[in-house]
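K.L.:
Here it is, the structure in full.
The values are calculated or read from the model by the stated rules, or taken from the named source; none is laboratory data. Keep in mind the model is a prediction, meaning the values are calculated, not measured. Every residue, glycine as well, gets a Cβ built from its backbone with ideal geometry; the counts of neighbours run over all protein chains shown. For accessibility, only protein heavy atoms count, side chains too; no ligands or nucleic acids. Shrake-Rupley method; radii C 1.70, N 1.55, O 1.52, S 1.80 Å.
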Amino acid sequence: MTLAERFINYTTFDTQSSEDSNTIPSTEKQLVFARYLKEELEQEGFADVEMDDKGYIYATLQANTKKEIPTIGFISHYDTSPDASGKDVKARIISNYDGTDIVLSEGMVTKVETFPELLRHIGEDLIVTDGTTLLGADDKAGIAEIVSAMCYLRDHKEIAHGDIRVAFNPDEEIGMGAHHFNVEQFGCEWAYTIDGGDLGELEYENFNAASAKVTIKGVSVHTGYAKGKMVNASRLACEFNGMIPENEVPETTEGYQGFYHLLSIDSRTEEAKMSYIIRDHDRSRFCERKRFMEDCAAKMNEKYGEGTVGIELNDQYYNMKEKIDPNMHVIDMVLHAMQECNVTPKVMPIRGGTDGAQLSFRGLPCPNIFAGGVNFHGPHEFVSIQVMEKAMEVIIKICELAAHYND
């Protein structure tokens, strides 16, 4: 089975996760694919293949040398985003892409003007959707690349390597992927998530992240008799949000710039509830942002009375750079592997988070490497077969280089 065939087969499984679920994994249909994947790993000859009751899969490609080599790992998630349907994905290959607009289906066109990143892939073979679903390269491309790389190493015993662990998990798209990952059972000195975007992307910096839940208590009175009595929580919600700097929101920031993002407002005169996320790469600036939100609430209470505005802050994850910096050999090995595979590295901060960030803070240094997908979470998602093949090459080369880590 080719790498492309393996990936397209994976896309036929609907593995969409759900933010509205209290189960683990969040959807039963994820387990359908997990069972299939476990069976595939067994058939391909992996050792120690296990799947727990939460859908986390672990397996080993056993060492082919007696040399003492660090055990390293590769991780990808198999759920797809709740943002777009993952049911009945109809993937097709556009051979030798010519740089023009791609008609996915009647009325659904991926236009070069809107998606200029297509021009980086002229002459390559692109896998696209029919315009009714996402594709699922995020992150089934990563799974296909890991499995195919391990099969290649299995069949090419001239490439010495140590024990290599692989793991595939549910619910990454809803921020729960690493929560039940068994780091001890995985048993690696370091690992890589294969969950990045286009060719060469390497990420080991991500946002520090927190959520903020703001509750505003109002007083509802008939509008005809409201003077001096009514406290309109909806209006106060607008006032509170007006305190947020307008140039520090997602739509005005990029790169290392942090932000405040208003996710939702549920309001009426008597009560308003606002949900925010707070993001910044710098830990001290991140803490300042949280204090700023608390200060906004305090100012509102000073103006309208104590207890009018309540705020609950919860940290979500931190910048993995704190844990990667003392272990830069993990990054150096990827850079060396990319160089050997003629891939130009694109080291960039993630304007978001990854499972690897949480795992890094649990003792498993875990940066993120490109898997090839572009335009995630929607019907214009695509992946280049040639980029997937390069990702597979980089994985193989990392395993080869790790065999010389103690030399």
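K.L.:
Taking the Cα centre of the chain as origin and charging only Cβ (+1 Lys, Arg; -1 Asp, Glu), how large is the dipole, in debye to the nearest 20?
P.N.:
Here the size comes out at about 1200 debye.
K.L.:
Could I ask something else about it? Send over the semi-axes of the range 247-343's equivalent ellipsoid, whole angstrom and largest first, taken as the square roots of 5 times the C-alpha gyration tensor eigenvalues.
P.N.:
Result for the range 247-343: semi-axes of 40, 15, 11 Å.
K.L.:
Sticking with this one: Using mean Cβ contacts within 10 Å as the protection proxy, how do 136-148, 347-359, 25-37, 155-167 order, highest first?
P.N.:
136-148, 347-359, 25-37, 155-167
K.L.:
Right, next: May I ask you to list the residues of the range 261-290 whose amide nitrogen lies under 15 Å from a point 7 Å from Cα along the Cα→beta-carbon direction of VAL219?
P.N.:
Of the residues in the range 261-290, 269-271 have backbone N under 15 Å from the label point off VAL219.
K.L.:
While we're here: Rounded to whole Å and sorted largest first, what semi-axes of the equivalent ellipsoid does the C-alpha gyration tensor of the range 116-215 yield via the square root of 5 times each eigenvalue?
P.N.:
Semi-axes, largest first: 27, 25, 14 Å.
K.L.:
Counting only protein heavy atoms and using a 1.4 Å probe, what share of the accessible area of the range 163-256 belongs to carbon plus sulfur, as a whole percent?
P.N.:
Heavy-atom surface of the range 163-256 belonging to carbon and sulfur, 1.4 Å probe: 50 percent.
K.L.:
Run the numbers for ALA63 and GLU19: contour at 0.36 nm per residue of separation, minus the present Cα-Cα distance, in nm.
P.N.:
11.9 nm
K.L.:
Could you give me D for the range 278-318, from Stokes-Einstein at 20 °C and 1.002 mPa s, where the hydrodynamic radius is the Kirkwood radius over C-alpha pairs? Units µm² s⁻¹, please.
P.N.:
In µm²/s, the coefficient rounds to 192.
K.L.:
Is it possible to state the helix-based mean residue ellipticity at 222 nm for the chain, with each DSSP H run of 4+ residues giving -39500 (n - 2.57), the sum divided by total residues, to the nearest 500 deg cm²/dmol? What is it?
P.N.:
The helix-only estimate for the chain comes to -9000 deg cm²/dmol at 222 nm.
K.L.:
If you don't mind, there's one more thing I want to ask. Given 5 Å bins starting at zero, what is the percent of C-alpha pairs of the range 20-175 in each, up to the one with the largest pair distance?
P.N.:
All Cα pairs considered, the percentages come to 2, 8, 14, 17, 15, 13, 13, 10, 6, 2, 1, 0.
K.L.:
In whole Å, what are the extents of the range 185-247 along the principal axes defined by its C-alpha atoms, from largest to smallest?
P.N.:
Principal axes ranked by extent give 68, 33, 16 Å for the Cα atoms.
K.L.:
Test of understanding: what is the full-extension gain from ASN241 to ILE94, defined as 0.36 nm times their sequence separation minus their Cα-Cα distance?
P.N.:
48.3 nm
K.L.:
How many nm separate the modelled label positions at GLU288 and HIS329, each set 7 Å beyond the Cα in the direction of the Cβ?
P.N.:
Inter-label distance under the simple model: 3.7 nm.
K.L.:
Okay, next question. Suppose R0 equals 25 Å; then what is the FRET efficiency for GLU158 and THR344 from their Cβ-Cβ distance, rounded to the nearest 0.05?
P.N.:
That pair, GLU158 with THR344, gives E of 0.35.
K.L.:
Another question about this same structure. How big is D, in µm² s⁻¹, for the chain by Stokes-Einstein at 25 °C and 0.890 mPa s if Rh is the Kirkwood radius over C-alpha pairs?
P.N.:
107 µm²/s
K.L.:
Quick one: grab Rg to one decimal and Dmax as a whole number for the range 318-407, Cα atoms only, in Å.
P.N.:
Values for the range 318-407 (Cα only, Rg and Dmax): 14.3, 47 Å.
K.L.:
Taking 7 Å along the Cα-to-C-beta vector as the label spot, tell me the LYS227-VAL32 distance in nanometres, rounded to one decimal.
P.N.:
6.4 nm
K.L.:
Hey, what's the range 253-376 come to in accessible area per residue, 1.4 Å probe, Å²?
P.N.:
47 Å²
K.L.:
Here's something else I'd like to know. Anyone know which of CYS188, CYS287, CYS238 comes out most mobile in the 10 Å Cα GNM of the chain?
P.N.:
Highest fluctuation among the options: CYS238.
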